[in-house]
1. Test of understanding: what is the full-extension gain from LYS62 to ASN31, defined as 0.36 nm times their sequence separation minus their Cα-Cα distance?
2. Would you mind checking which residues have amide H under 5 Å from SER35's amide H? H placed 1.01 Å from N; only 5 or more apart, or other chain.
3. If amide H atoms are built 1.01 Å from N in the plane of the peptide, which residues on other chains or at least 5 residues away come under 5 Å of the amide H of LEU44?
4. Relative contact order (percent) for segment 15-80, with alpha-carbon contacts under 8 angstrom and 6 or more residues of separation?
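Values quoted throughout were computed directly from the atomic coordinates according to the rules given, and no laboratory measurement underlies them. Remember, predicted model here, so these are calculated numbers, not experimental data.
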Amino acid sequence: MKLNYLTQGLVNKNYRCSLLGHRFVETKKINIHFSEYQCDVCKLQATNDSRGQKITLTSKLKDINETLFYLNLKKQFISKFYFPKKEQ
């Protein structure tokens, strides 16, 4: 029985992330506190929790992030058009 640990099947995307860690890239900026990330290698999606640590993105968290994103857009729109800064 010949064992070869460096075969293509063993060193796939998931093993690379489990050994070396994920390579997260920011895919969506929710607001200044929250963002959504995706791993370049294994396509795992993550987001920030309340402490600032990355956690896996579930459907419930995705809905929360979407709501926060639209609330932030609404806040920016209102502050820009209804309450403009007064020039001195």
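1. Details: separation 31, 0.36 × 31 = 11.16 nm, distance 1.38 nm.
Difference between extended and current length: 9.8 nm.
2. Hits under the 5 Å cutoff: ILE30, ASN48.
3. The list, which skips near neighbours in sequence, is CYS39.
4. Reported relative contact order: 22 percent.
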